[in-house]
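Below is one structure; the comments refer to it alone.
The values are calculated or read from the model by the stated rules, or taken from the named source; none is laboratory data. What you are looking at is a predicted structure, and each value in this text was computed from that prediction instead of being measured. For neighbour counting, all protein chains shown are included, and Cβ atoms are generated from backbone atoms with ideal geometry for every residue, glycine included. Ligands, DNA and RNA are excluded from the accessible area calculation, which covers all protein heavy atoms including side chains. Shrake-Rupley method; radii C 1.70, N 1.55, O 1.52, S 1.80 Å.
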Amino acid sequence: MALFGTDGIRGLANRDLTAELALDVSVAAAHILVESSSNKDHRPTAIVGQDSRASAEFLEAAVVAGLTSAGINVYRVGVLPTPAIAHLVAESKADLGVMISASHNPMPDNGIKLFARGGGKLDDAIEARIEARMGEDWERPTGKNVGRAINDDSATERYLKHLLSSVETSLKGLKVVVDCANGASSFVAPEAYRRAGAEVVAIFNQPDGWNINDDCGSTHLHRLRSAVLKEGADVGIAHDGDADRCLAIDAAGNEIDGDHILTLLARGFKARGKLKGNTVVGTVMSNLGFMHAMKDAGIDVVTTPVGDRYVLENMIANDYSLGGEQSGHVIMRDLANTGDGILTALQLLQEVVRTGKTLQELAATMVRFPQVLINVKDVKKDKLADSAAITAAIKSAEARLADSGRVLLRASGTEPLVRVMVEAASDSLAQEVARELADIVKSELG
């Protein structure tokens, strides 16, 4: 599939992702939506939101134009996190959700994420159908059959109510610094933590259209670390541009990644009888230290390909309650049907209060193995599985690392490169093995 990636459509705004493309995608999605409706007399509805990028303004206008021209009523909710759109779709029983965002990407990029009825992400087959229908001839509705665009001013408060409904333990006594990445969480994240009882210091919460993810947020944790230490805070929370991720910093300045968060949430869920199947779902990129920590806690782990959509698919198929990625995407199915960074942070902070332990103490139950990732560019990635030399090198590396390390080679889904990931007991060994494998990949596939 050329257009849709693992998380919707993404590219350089007004170059790769144009207003014309956004309109065409919206019209195609509307056609499929109308055709799949069991009630032909029902006028379909859509929820449309955006992050704080300047380019989101013209792209949102194009999406709204495409949907309404195809007869869909659109509720515009403005700047809100991606998981807010998923929640609002489910809550209002809307037929479609559209989020204009490029998540953690730099400001010049943008993207389109689509949500199906119920708030789940579209599966690959539906995305393929949308792509195939773009640009087709169609009979345009007229008169009262065109859709309407309605500004929904209640959406933010409804989303906050949803977030706070997950809070069973007050956060009173916790001092929290939150880095909003000058993105979609700039208002709702600090407000949610304050209403939950925490003392909140918000940073990078003044979006101006250009400063989203600019040396801040979950991909630039050094600014949050400095603020936590300066403020003497208990916890630092970092979100990405559309707030579907959550990473953290403890009071000592240590980074708490998605695997750490999954570890302590899994242990907490199990202690409270909320870990369905005694299982947590991770991905092939989950750190080996996470696997060991779960084994020590008597918790099973199931792994999926990289991508929170695959984590969710597995959770739904097997009725699991908790899963996520090292990047900070965490899904708690009893609370939401997609990864939600603010919801994750609220659960993380409650775990600190419930246990009476510091975040540093809780995170210490997982010892992260050094991990090295090398992207081998400009190679014939489709030949990866056919190379006997690479297969032999992988087996040799695995034998060398034994139970104290791990090797993973995978082709990128969107670029002509192969990702070489090695975990080992020491950083030097991981670096050495990763470099050796990367050289073989380049030699064999370059």
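Quick notes on this one:
- Residues of segment 76-111 with amide N under 18 Å of a point placed 7 Å along Cα→Cβ from S37: 76, 89-98
- For segment 277-349, size of Cβ-based charge dipole, Lys and Arg +1, Asp and Glu -1, in debye: 80
- Amide H contacts for S103 (H built 1.01 Å from N in the peptide plane; partners 5 or more residues away or on another chain; cut-off under 5 Å): D242.
- Net charge contributed by nearby residues that have their C-beta within less than 12 Å of Y320 (K/R +1, D/E -1): -1
- Projected label points at N254 and S404, each 7 Å from Cα along the beta carbon direction, are separated by 2.1 nanometres.
- Farthest positive-ward along segment 28-155 dipole, Cα basis, beta-carbon charges - from N151, A125, S101: N151
- Packing-based order for 324-332, 141-149, using average beta carbon neighbours within 10 Å, highest first: 324-332, 141-149
- A full extension of the chain between E231 and A2 corresponds to an added length of 77.8 nm, given 0.36 nm per residue minus the alpha carbon distance.
- The calculated 222 nm mean residue ellipticity attributable to helices in the chain amounts to -12000 deg cm²/dmol, summing -39500 (n - 2.57) over DSSP H runs of n ≥ 4 and dividing by all residues.
- Neighbourhood charge, 14 Å Cβ-Cβ cut-off, centred on G405 and excluding it, Lys, Arg +1 and Asp, Glu -1: -2
- Segment 221-343 - percent of accessible surface contributed by carbon and sulfur, probe 1.4 Å: 48
- Only Cα pairs under 8 Å and 6+ residues apart enter the sum, and on that basis the relative contact order of the chain stands at 13 percent.
- Taken per residue, the accessible surface of the chain reaches 41 Å², heavy atoms only and a 1.4 Å probe.
- The lysines whose alpha-carbon is closer than 23 Å to the alpha-carbon of K93, local same-chain residues fewer than 8 away aside, are K40, K113, K121, K144, K161.
- DSSP bridge orientation in the chain - percent antiparallel, rounded to nearest 5: 50
- Mean Cβ count within 10 Å, highest first, over the residues of peptides 96-102, 280-286: 96-102, 280-286
- FRET efficiency for the pair A425 and N318, taken as 1/(1 + (r/R0)^6) with r the Cβ-Cβ distance and R0 = 30 Å, rounds to 0.40.
- Segment 134-193 - percent of accessible surface contributed by carbon and sulfur, probe 1.4 Å: 46
- Highest mean packing first, where packing is the average number of other Cβ atoms within 10 Å per residue, the peptides 417-430, 392-405 line up as 417-430, 392-405.
- Each label point was placed 7 Å from the Cα along the Cα-to-Cβ direction; for A364 and D208 their separation is 4.3 nm.
- For the pair segment 367-434 / segment 238-254, the C-alpha centres are spaced 27 Å from each other.
- When a 1.4 Å probe is rolled over the protein heavy atoms, the share of accessible surface on segment 395-446 that falls to carbon and sulfur comes to 47 percent.
- Theoretical gain in end-to-end length, N375 to A125 [0.36 nm per residue, Cα-Cα removed]: 87.1 nm
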